[in-house]
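The values are calculated or read from the model by the stated rules, or taken from the named source; none is laboratory data. Computed from a predicted model, the values in this text were never measured in an experiment. Glycine also receives a Cβ, built like all others from the backbone with ideal geometry; neighbour counts cover every protein chain displayed. With ligands, DNA and RNA removed, areas are computed over all heavy atoms of the protein, side chains included. Shrake-Rupley method; radii C 1.70, N 1.55, O 1.52, S 1.80 Å.
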Amino acid sequence: MSEKSISNTLFAGLITITLISVAASRLHFGRELAVAVALGFAAVKAALIGWFFMRLRHEGWIVRGAVLVG
């Protein structure tokens, strides 16, 4: 898969996750569940951005660990 198609697929996925998170925010969960759902969506988006756009998939375990800790 080419780098451009990976970027386009990732962009579409991030937009989809954002739309799902907006839709989930319109639902009336309890406060604790709403925070947990929002943090879950944010963690997935951050992981995808780090893995692909920051090119962590090509880095060693030390760099990955430093990013995870930071």
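Values for this structure:
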read-out: Å² per residue, accessible surface of the chain at 1.4 Å; value: 78 Å²
read-out: The range 13-70 - charge dipole about Cα centre, Lys and Arg +1 at Cβ, Asp and Glu -1, debye rounded to 20; value: 80 debye
read-out: Helix runs (DSSP H) in the chain reaching 20 Å along axis by Cα, Kyte-Doolittle at least 0.0; value: 3-26, 31-48
read-out: Spacing of the two label points (7 Å from each Cα toward its C-beta) at LYS4 and LEU33, in nm; value: 4.5 nm
read-out: Sequence ranges 44-54, 1-11, ranked by mean other-Cβ count within 10 angstrom, highest first; value: 44-54, 1-11
read-out: The chain shape via C-alpha gyration tensor axes, a/c threshold 1.5; value: oblate
